[in-house]
Structures are given as C-alpha cells and as structure tokens.
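The structure appears below as structure tokens.
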Amino acid sequence: MLRFVLSVGLLGCWAGITCAQETITCVESPTGTSSSLYVGNRAPLTPSPLIKLPVGAVHAEGWIGRYLELQRDGLTGKLGTISDWLDKKDNAWLSIGGKAGWEEVPYWLKGYADLAYLLNDEAMIAETKTWIDAILKSQRPDGFFGPGDPNAESGVDIWPNMLVLFLMQSYYEHSGDPAVIEFMTNYFRWVQNYPEKKFLKTYWENSRAGDMLYSCFLLYNHTGDQFLLEVAEKIHRNTADWMQESNLPNWHNVNIAQCFREPATWWMLSQEDAHRWATYNNFWLIRACFGQMPGGMFASDENSRMGYIDPRQGVETCGMVEQMSSDAMLVRITGDPSWADNCEDVAFNTYPAAFMPDFKALRYLTCPNQVVSDSKNHSPGVQNAGPFMMMNPFSCRCCQHNHSHGWPYYVENLWMATADNGLAAVLYNACSVKAKVTDGTEVSIREATRYPFEEQVTLTISTPKSVAFPLYLRVPAWCDGMEIRINGEVRKCSNVDTPTPVSYVRLERTWNDGDCVEIVMPMTLKLRMWQQNKNCVSLDYGPLTFSLKIAERYEKKSSSQTAIGDSHWQEGVDESLWPSFKIYPDSAWNYGLAIGDNPQAFLDQVKIVRHDWPKDQYPWTVDAAPISLTVQGQKIPEWTLDSYGLCSPIPASPVQTAEPTETLELIPMGAARLRISAFPVTK
C-alpha cells in the first residue's frame with residue numbers, strides 16, 4: 001500500500017474567524033510514533049498508530065445511546081438478579097470454595113462494568129466494585145487469583161482469568177486505582193513462574209491466550225517491567241498455532257472470531273510481517289471457506305463444517321461480539337481502517353437481530369437467511385442440538401453472559417487518540433467525545449448523525465482556546481466521493497482528487513471553539529455476488545445490507561419451559577417478567593431478485609424510501625426501520641422448509657421461474673429477525 005505524502009497550503013477562513021494554516025491529506029494510517037498524552041506501545045513494541053481512550057471519554061447519543069439504556073434495563077443490567085451463575089450466595093468469585101466459578105461471572109462483568117462507566121450509573125458502578133474488590137482480595141501470595149487450584153497435577157484453566165484482566169483494565173481506566181497495576185503485575189509474575197508443562201494446556205485457554213498476551217503488553221506499556229516481555233514469549237509459544245497457511249487450530253466460531261488476531265498481537269513485539277499478515281490470512285481463510293454471505297461473519301453455527309456453507313447457517317451471539325471486539329483491537333494495532341469496516345458490518349447487519357427489541361431475550365444462533373426462530377431442535381441442519389434459535393433470556397449460558405460487552409466496547413472505540421496527539425473518528429455514530437490533544441488541552445467534539453441510516457455526519461468542536469491538532473476521518477470501503485466542509489466551505493485533499501476508500505482524511509489545522517466539520521458519505525446501491533454460494537446476491541446501500549421484509553408473528557412462551565439445559569434461574573425470580581418468544585413468518589419468504597442478465601438495469605429500478613425517524617430512537621425493527629428499498633422479485637415455489645425445519649439451501653442462480661414479477665420491500669438486515677439477506681437470482 002502507498003503512503004501519501006503530506007503537503008501544506010493556506011485555505012480560506014469563515015465568518016470572521018482567524019484564518020489558520022491547514023493541511024488536508026488522504027493517508028492510509030495515522031502518522032506519528034508516540035503519543036505524549038495517552039499510554040501507547042512502549043519500545044521495543046511497534047508504535048501504536050491509534051490508542052484507546054479511557055472508558056467514559058465517549059458518551060453515546062442517538063440510537064446507540066438508546067441501545068445502551070435498553071441494555072441496562074434488559075439482560076445486561078438485570079442478569080445479576082436472575083442468572084444462577086451470578087448468584088452471590090456461595091459464588092466462587094466472591095468467596096474461596098464457592099460454586100459456579102468458571103467464565104460466566106467475568107464474561108458478564110466485563111461488559112456490565114463498561115456499561116456502568118459509560119452511563120455513569122452509580123448503582124451499577126457500586127455493584128461492579130463489589131465483584132472487583134472480591135477478586136482483588138482473592139489474589140494469593142504467589143499472584144494467582146480467583147477459582148481453581150493451580151497446584152493440581154493437571155494444572156488450572158486460566159481462561160476465566162484472561163477475562164478478568166480485561167475487566168481490570170476498564171476499572172483502571174475509570175478509577176486510576178494503583179491496586180490494579182499491582183494485581184496484574186503479581187499475576188504475570190505467577191504466569192512467569194508457573195510450570196510450562198501445565199501452562200495453557202486445556203482447549204479454551206490454549207485457543208484464546210491471545211487475550212492474555214494483549215493484557216500483558218498493555219501492562220508493560222504502563223510499567224516497562226522487562227520480565228513482561230519474557231512472559232509474552234511464554235504465552236505466545238504455548239498458544240494454539242494461529243499462523244497456519246491453510247488451516248486453523250479449530251473451527252469453533254467464537255474461537256475464530258476472538259483468536260484470529262493473536263499473530264498480529266504478537267507482531268507488536270516480533271515486528272515480523274509474517275505475524276501481522278497471518279491475522280489477515282486467518283480472516284480471509286474462514287471467509288473464503290465459510291463466509292460467502294452478507295453480515296460480516298461466516299457460516300459456523302457452533303463449529304464450521306465442510307458442506308455447511310449456506311446462508312441459512314448461523315453464528316453465535318458470542319462470535320459476533322468477539323468479532324467486533326477483535327476488529328477494534330486490530331484498528332488500534334495496525335491503523336488499518338478495513339477492520340472498522342468489518343466491525344460496522346457485523347454491528348449494523350448481524351448483531352441487532354440477535355436480540356428482542358427490549359434487550360430482554362436473545363438467541364444463540366442468528367443466520368443471514370432465517371425464516372423461523374423457534375424452540376425446535378434443528379440439528380444437524382445447524383450444529384448443536386437444542387432450542388438454539390428461540391429468543392430466550394436463557395439462550396445458552398455463554399451468549400447469555402458474554403453478550404454484555406458488544407455495544408459498550410463498540411461505543412468506547414467510536415473515537416481513538418492518535419500517535420501524533422490528535423483524534424480519529426474511527427466508527428461513526430451519534431456521540432460526544434472529550435479528550436486531550438497537542439499540549440494537553442482538553443477538547444470536546446459532538447458528533448451528530450443518524451448513521452448508518454443517513455449519510456451526513458456533523459462534528460462540532462468545543463475548545464477552551466485555539467489549538468492545533470490533527471483530526472482524522474475514516475473513509476469507509478463502500479464510500480466513493482466523501483465530501484468535507486469546514487465551517488461551511490468545501491475542503492479538498494491536496495494529494496488526491498477525492499478521498500480514497502479504506503483510508504483516512506487528515507485535517508491538520510488550528511481549531512477554534514465552535515468550528516464545524518460536515519461530512520457527507522454518499523451511499524450508493526451495490527450488488528454483491530457470492531460465487532461460492534451458488535451465485536446468490538445481496539443488496540447493499542452504504543454500510544447497510546438489506547433483507548426481505550417478512551411479517552413477523554411472535555408467540556410468547558414461558559422461559560422456564562424453554563430454557564436451555566445449562567441455564568438456571570436464581571431462586572424467587574418472577575419469570576413472567578422474562579418471557580421467551582418464538583417467531584414465525586406471516587408472509588411469503590421464498591423470493592429471488594429479478595435481476596436477469598442486467599444487474600445495472602435492476603439497480604436503476606430500485607427505489608429508496610425514507611420513513612419517519614422512530615420517536616423512541618430505536619430503528620432496529622421491521623416497523624421502525626427508517627429506510628427501505630423497493631425491488632422487483634419473483635417467488636420460487638420449490639424453495640421451502642426442509643426436514644430440519646430450516647429454509648432449504650439456496651437454489652443455484654440463475655433460477656428459471658414462470659412466477660410473475662412482484663414488487664418487494666427490503667429493510668435493513670439488522671432490523672429483520674426473520675430474514676432473507678442472500679437471494680437467488682431469477683431469470
């Protein structure tokens with residue numbers, strides 16, 4: 001990839017504000033080597049092009065702010081009072097020798113805590129502190145903490161400890177409590193001394209130790225303790241091999257979404273390109289084999305299986321949130337904005353449909369083509385035997401607890417600090433950010449937008465004094481012709497005619513209080529053909545993929561009768577407040593798009609329809625979607641439910657049919673809990 005050369009020029013001023021020197025260029029990654037304001041990578045680690053801001057620096061507004069409130073009032077906020085795994089009585093994370101001491105508490109708590117900090121919710125912060133204090137107190141003289149016996153002959157599974165390290169990082173960002181640094185240092189001393197023959201030997205910890213490697217580097221950046229680099233080497237050499245050219249250590253969807261980034265994490269120390277590119281190879285390998293479908297994920301159900309690549313295959317809710325988290329980390333590690341593109345693809349097109357609109361129930365599996373969401377066992381059509389497609393507050397204990405960090409981590413990474421003491425708009429959404437720039441001046445930027453449903457973003461800068469700093473704007477992969485205005489005047493990059501997709505526009509200037517940056521990202525209609533999936537197609541408009549609008553009929557059921565076997569209620573819970581739902585189609589779903597031999601003619605006939613913005617700020621339902629498309633399609637009578645109760649595999653395109661052409665309505669994929677998002681082409 002080419003790195004664009006910066007140039008300097010003088011541009012006009014506006015409304016009497018003092019004219020300032022400006023440099024506006026298109027760059028592939030933020031420049032600079034070391035922030036003086038935020039903790040980035042310390043030598044010998046490769047410099048951090050982007051740096052995470054402390055939790056709470058970004059305040060969510062608009063629909064994403066509403067989503068955080070629903071999460072607080074729904075499963076995330078209330079799970080501690082209904083899930084038996086989180087019952088405080090005799091809990092192993094609160095007292096030595098207690099019960100339920102594996103991943104459930106830290107899975108839930110790392111997202112719950114960040115949600116508490118983002119909403120500045122005092123009751124949730126106090127609840128978080130109860131668990132954190134107990135975990136800090138559990139640390140033994142040798143540095144180990146939490147449940148488990150490290151002296152057991154077979155060793156101890158430290159996968160849950162890796163989750164706690166993420167929890168502690170957020171707590172430290174929020175509180176600055178020095179006990180966290182001491183706690184993590186003592187723990188990594190234990191890792192250093194733990195016998196290698198017992199270290200990272202079980203399946204989950206061996207696959208996922210890249211999480212611990214990342215935490216080790218973060219601690220090193222704070223302390224500079226050299227022993228941590230030796231510990232990092234020990235972690236890497238005992239982790240599953242995620243550097244295979246044409247294979248993966250295992251094909252479990254969550255492991256892939258979470259662990260494919262381990263080589264790039266290790267690259268920060270090794271600085272060998274082979275390690276960085278191994279992560280890219282992992283990403284494309286799973287998608288070449290199983291990712292021929294829209295929504296940013298891949299056909300996996302629980303584990304990807306040869307021959308099961310159809311868009312009716314799904315992915316765990318756990319896998320979605322881990323992919324989004326990995327994408328955000330990789331943007332920070334590499335500076336590459338393509339990871340932000342994938343994060344938005346998952347966040348907008350796959351993740352919202354995994355939940356009920358009130359965030360009080362979720363399903364284990366969500367698929368690009370999913371026309372029934374019920375309590376039946378659909379195995380082996382999908383992998384895993386059980387009611388894994390039903391909306392249920394107890395939809396398998398992993399996703400039930402691990403869902404919690406999806407939206408909080410996304411919000412925290414909307415904005416990032418840059419190595420040249422500036423700021424970067426990485427993921428677009430309505431919010432405000434408060435951060436330090438240049439000489440430590442704290443500025444605020446309010447981002448007003450209804451993205452991804454609209455193409456305009458407005459940034460308003462508040463600063464106590466005039467201050468020069470670089471402001472980076474990500475150019476999405478789908479965006480041709482991004483337009484930028486500063487204080488009402490059009491601005492152009494000096495080194496390209498129009499900003500290049502998958503890059504950043506770097507605005508270097510002296511900013512004044514009240515300065516306004518307007519961004520227009522023109523959205524266009526595009527067809528994607530999935531050649532390895534029988535030449536099916538999906539239809540995109542900007543960052544949104546669209547699905548057939550299917551009338552959804554909900555059947556309310558008792559969660560006690562439909563809960564998955566490894567999920568348990570706490571005693572005394574009013575289960576009527578937490579119902580489950582089956583969802584069935586009340587309209588036909590077996591349509592293909594009438595594209596024929598002329599895709600452009602088809603696109604020319606697509607109509608974009610705008611609807612009123614929902615008053616409750618929640619756009620992710622069939623009825624509330626603020627944008628829809630009308631297209632021409634034809635019914636395919638032979639495309640029906642199969643013996644497993646799933647939509648049968650998609651017919652090979654083109655499909656010959658004598659059915660009449662009909663006008664169909666498509667809505668954003670994320671708003672459709674029943675959906676056809678990958679379509680056959682009719683002829």
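The values are calculated or read from the model by the stated rules, or taken from the named source; none is laboratory data. These figures come from a predicted structure and were not determined experimentally. Counting neighbours? That spans all protein chains shown, and the Cβs are built from the backbone with ideal geometry, glycine included. What goes into the accessible areas is simple: the full protein's heavy atoms, side chains included, and nothing from ligands, DNA or RNA. Shrake-Rupley method; radii C 1.70, N 1.55, O 1.52, S 1.80 Å.
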Taking residue 497 as meeting all but one of (1) in a loop (DSSP other than H, G, I, E, B); (2) modelled with pLDDT of 95 or more, write down the number of the exception. (2)
Regarding region 171-188, can at least one residue be identified that is closer than 26 Å to residue 322 by Cβ, open to solvent by 40 Å² or more (accessible area, probe 1.4 Å) and touching a Leu at 6+ places or on another chain (Cβ under 9 Å)? yes
Residue hits (region 189-242; outside any helix (DSSP H, G or I), at negative phi and open to solvent by 10 Å² or more (accessible area, probe 1.4 Å)) are 194, 195, 201, 202, 225, 226, 239, 240, 241
Can you spot a residue in region 91-102 that is touching a residue at least 60 places away in the same chain (Cβ under 8 Å) and either assigned to a strand (DSSP E or B) or out of contact with any Cys (no Cβ under 8 Å at 6 or more places or on another chain) (or both)? no
Tell me, which residue of region 284-308 that is without any contact (Cβ under 8 Å) to a residue 40 or more places away in the chain, part of a loop (DSSP other than H, G, I, E, B) and surrounded by fewer than 24 Cβ atoms within 10 Å (Cβ to Cβ) is nearest to the chain's Cα centre (by Cα)? 291
When residues of region 538-570 are filtered for being surrounded by fewer than 22 Cβ atoms within 10 Å (Cβ to Cβ), modelled with pLDDT of 90 or more and of a type in the set (Val, Ile, Thr), how many remain? 0
Scan 613, 620 and give me the residue that is assigned to a loop (DSSP other than H, G, I, E, B), in contact with a Gly (Cβ under 7 Å, 6 or more places away or on another chain) and open to solvent by less than 70 Å² (accessible area, probe 1.4 Å). 620
Number of positions in region 471-494 that are of a type in the set (Ser, Thr, Tyr) and either within 30 Å of the chain's Cα centre (by Cα) or assigned to a strand (DSSP E or B) (or both): 1
The one condition residue 436 fails out of (1) open to solvent by 10 Å² or more (accessible area, probe 1.4 Å); (2) out of contact with any Leu (no Cβ under 9 Å at 6 or more places or on another chain); (3) charged (D, E, K, R) is (2)
Restricting to region 312-329, name every residue that is outside any loop (DSSP other than H, G, I, E, B), touching a residue at least 24 places away in the same chain (Cβ under 8 Å) and not β-branched (Val, Ile, Thr). 316, 318, 319, 320, 322, 323, 324, 325, 326, 328, 329
Pairs under 6 Å by beta carbon, first residue under 25 Å from residue 574 (Cβ atoms) in region 342-366, partner open to solvent by less than 10 Å² (accessible area, probe 1.4 Å) and among the aromatic types (Phe, Trp, Tyr), six or more apart or different chains? 362/355
Let me confirm something: among 281, 247, which residue is within 27 Å of residue 351 (Cβ to Cβ), modelled with pLDDT of 95 or more and open to solvent by 10 Å² or more (accessible area, probe 1.4 Å)? 281
Just give me the residues in region 36-85 being in contact with a strand residue (DSSP E or B) (Cβ under 8 Å, 6 or more places away or on another chain), closer than 20 Å to residue 445 by Cα and open to solvent by 20 Å² or more (accessible area, probe 1.4 Å), in sequence order. 37, 38, 52, 59, 61, 62
Could you check region 478-497 and list, in sequence order, the residues that are closer than 15 Å to residue 455 by Cβ and open to solvent by less than 70 Å² (accessible area, probe 1.4 Å)? 478, 479, 481, 482, 484
Hits in region 136-169 - residues which are more than 16 Å from residue 111 (Cβ to Cβ) and of a type in the set (A, V, I, L, M): 136, 152, 156, 158
Candidate set: region 351-394, residues that are polar (S, T, N, Q) and open to solvent by less than 10 Å² (accessible area, probe 1.4 Å); chosen: the one modelled with the lowest pLDDT: 392
Of all residues in region 106-131, which are more than 10 Å from residue 77 (Cα to Cα), part of a helix (DSSP H, G or I) and over 18 Å from the mean Cα position of the chain (by Cα)? 106, 117, 119, 122, 123, 125, 126, 127, 128, 129, 130, 131
Is it the case that some residue within region 96-117 is out of contact with any Lys or Arg (no Cβ under 8 Å at 6 or more places or on another chain), hydrophobic (A, V, I, L, M, F, W, C), over 27 Å from residue 255 (Cβ atoms) and surrounded by 22 or more Cβ atoms within 10 Å (Cβ to Cβ)? yes
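Results for (1) open to solvent by 20 Å² or more (accessible area, probe 1.4 Å); (2) modelled with pLDDT under 95; (3) over 22 Å from residue 430 (Cα atoms), shown as yes or no for each residue.
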residue	(1), (2), (3)
504	no, no, no
516	yes, no, no
526	yes, no, yes
536	no, no, yes
Somewhere in region 136-150, is a residue assigned to a helix (DSSP H, G or I) and touching a Gly at 6+ places or on another chain (Cβ under 9 Å)? no
The residue from 418, 441, 449 that alone is without any contact (Cβ under 8 Å) to a residue 40 or more places away in the chain and open to solvent by less than 30 Å² (accessible area, probe 1.4 Å) is 441
Tell me whether region 334-341 contains one or more residues that are closer than 24 Å to residue 401 by Cβ and either touching a Ser or Thr at 6+ places or on another chain (Cβ under 7 Å) or open to solvent by less than 10 Å² (accessible area, probe 1.4 Å) (or both). no
Restricting to region 649-676, name every residue that is within 32 Å of the chain's Cα centre (by Cα), outside any loop (DSSP other than H, G, I, E, B) and over 12 Å from residue 590 (Cβ atoms). 665, 666, 667, 668, 669, 670, 671, 675
Take residue 27 and decide whether it is modelled with pLDDT of 95 or more and more than 30 Å from residue 359 (Cα to Cα). yes
Return the pairs, sorted by first residue and then second, in which the second residue is of a type in the set (D, E, K, R) and buried (at least 16 other Cβ atoms within 10 Å of the Cβ), the first residue lies in region 42-60 and is farther than 30 Å from residue 72 by Cα, the beta carbons are less than 8 Å apart, and the residues are 6+ apart or on different chains. 48/332; 49/332
From the list 242, 266, pick out the single residue that is hydrophobic (A, V, I, L, M, F, W, C) and farther than 17 Å from residue 332 by Cα. 242
Does region 634-648 contain any residue that is part of a strand (DSSP E or B), of a type in the set (Asp, Glu), touching a Gly at 6+ places or on another chain (Cβ under 9 Å) and open to solvent by 20 Å² or more (accessible area, probe 1.4 Å)? no
The one condition in (1) open to solvent by 40 Å² or more (accessible area, probe 1.4 Å); (2) under 24 Å from the mean Cα position of the chain (by Cα); (3) at pLDDT below 95 that residue 89 fails to fulfil: (2)
